[in-house]
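Structure, as structure tokens:
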Amino acid sequence: MITVSAFRWVPDVARGLVRDLRVRWALEEAGLAYEVWLIGPAQQKSDAYRSLQPFGQVPAYEEDGFVLFESGAIIHHIAAKSTVLMPTDDKGRARTLSWMFAALNSIEPHIDNLADLDLFHANDDWAKQRRPAALQMAQTRLDALSDWLKDRDYLEERFTAADLLMTTVLRIPRHTDLIARMPVLDAYRRRCEARPAFKRALDAQMADFAESPQAVA
Ligand SMILES: N[C@@H](CCC(=O)N[C@@H](CS)C(=O)NCC(=O)O)C(=O)O
């Protein structure tokens, strides 16, 4: 059996964005059953949890005693089990991996940086000074992504694990109109989110939060 860790409770601003969503989505695409292990702050700090996820973050992934952490590595592992998520030829797999790294390494850090400024430091003077440059950097990367996608439905020939990761990255700045005012990226995000597996994964994450309306230890 596969088990994925997720937070029992997060504030509204994070619901639908927490990174276990990626793993749930990949498992849904691959048609693999899974259980969710809901954790709170006390478990996050525990030695037992840190032995699974060294930074105390979610998601952690366990499959019959085999443990993985880092959502990108987990998605890569799941994708290897599913032709829905990963091409079968060597070059196709390598191209998919390039785009998986691009999502997590070339785009997500700049999007995360902006979200961190906006959601956690909006009233700090240093953040107000930093924001224009952070926005410009995120915009530059998104412009390049938009250029790549302008004549394509997906990052490569068809939907892969790279599109799954990229979509979850593009969801992060939903508190802004950054993606909404980029028609190519907005249509791409919507195209990927229209997949039934995405809806099942999102519904499952939201249902777990609905079980715990209050912050808990
Ligand atoms: N690079 C990690 C990032 C995981 C991450 O940032 N998880 C967040 C939730 S989306 C978390 O656990 N935050 C709590 C913390 O960092 O203490 C991954 O992709 O798995």
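Screening segment 126-163 for residues that are open to solvent by 40 Å² or more (accessible area, probe 1.4 Å) and of a type in the set (Ser, Thr, Tyr) and picking the one that is nearest to SER106 (Cα to Cα) gives THR140. I'd like to check something: does segment 29-36 contain any residue that is within 15 Å of the ligand (Cβ to nearest atom) and either assigned by TED's automatic domain parsing to the domain that holds ALA201 or in a strand (DSSP E or B) (or both)? Yes, there is a match, as at least one residue in segment 29-36 is within 15 Å of the ligand (Cβ to nearest atom) and either assigned by TED's automatic domain parsing to the domain that holds ALA201 or in a strand (DSSP E or B) (or both).
Just one residue in the set ASP20, ASP12 is open to solvent by less than 60 Å² (accessible area, probe 1.4 Å) and either closer than 27 Å to CYS192 by Cβ or among the polar types (S, T, N, Q) (or both); that residue is ASP20.
If I ask for residues that are within 18 Å of VAL4 (Cα to Cα), surrounded by fewer than 15 Cβ atoms within 10 Å (Cβ to Cβ) and hydrophobic (A, V, I, L, M, F, W, C), which ones from segment 189-209 would you list? Of everything in segment 189-209, those that are within 18 Å of VAL4 (Cα to Cα), surrounded by fewer than 15 Cβ atoms within 10 Å (Cβ to Cβ) and hydrophobic (A, V, I, L, M, F, W, C) turn out to be MET206, ALA207.
Residue-by-condition table, conditions (1) within 14 Å of the ligand (Cβ to nearest atom); (2) closer than 23 Å to VAL13 by Cβ; (3) open to solvent by 40 Å² or more (accessible area, probe 1.4 Å); (4) not assigned by TED's automatic domain parsing to the domain that holds GLU29:
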| residue | (1), (2), (3), (4) |
| --- | --- |
| HIS77 | yes, no, yes, no |
| THR96 | no, no, no, yes |
| GLU108 | yes, yes, no, yes |
| ASP118 | no, yes, no, yes |
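Annotation: of all residues in segment 50-70 being touching a residue at least 12 places away in the same chain (Cβ under 8 Å), among the charged types (D, E, K, R) and not in a loop (DSSP other than H, G, I, E, B), the one that is farthest from the ligand (Cβ to nearest atom) is GLU63. Only residues that are part of a helix (DSSP H, G or I) and over 16 Å from the mean Cα position of the chain (by Cα) were counted in segment 143-174, giving 7. When every residue of segment 39-46 is checked against the conditions, none turns out to be part of a loop (DSSP other than H, G, I, E, B), open to solvent by 40 Å² or more (accessible area, probe 1.4 Å) and of a type in the set (A, V, I, L, M, F, W, C). In summary, PHE69 fulfils each of the numbered conditions (1) assigned by TED's automatic domain parsing to the domain that holds TRP148; (2) touching a strand residue (DSSP E or B) at 6+ places or on another chain (Cβ under 8 Å) with the single exception of condition (1).
Taken over segment 180-217, the criterion of being of a type in the set (A, V, I, L, M, F, W, C) and part of a loop (DSSP other than H, G, I, E, B) is satisfied by ALA180, MET182, ALA194, ALA215, VAL216, ALA217.
When segment 76-117 is filtered for residues that are in contact with a Pro (Cβ under 8 Å, 6 or more places away or on another chain) and not β-branched (Val, Ile, Thr), the ones remaining, listed by number, are ARG93, ARG95, LEU114, ALA115. The single condition from (1) assigned to a loop (DSSP other than H, G, I, E, B); (2) in contact (Cβ under 8 Å) with a residue 40 or more places away in the chain; (3) within 13 Å of the ligand (Cβ to nearest atom) that VAL84 fails is (3). Candidates SER51, SER98: the one that is among the hydroxyl-bearing types (Ser, Thr, Tyr) and either within 24 Å of ILE179 (Cβ to Cβ) or under 19 Å from the mean Cα position of the chain (by Cα) (or both) is SER98.
The values are calculated or read from the model by the stated rules, or taken from the named source; none is laboratory data. In this text the structure is predicted, and so the values were computed from the model without any measurement. Counting neighbours? That spans all protein chains shown, and the Cβs are built from the backbone with ideal geometry, glycine included. Ligands, DNA and RNA are stripped out before the accessible areas are found, and what is left, the full protein with its side chains, is counted by its heavy atoms. Shrake-Rupley method; radii C 1.70, N 1.55, O 1.52, S 1.80 Å.
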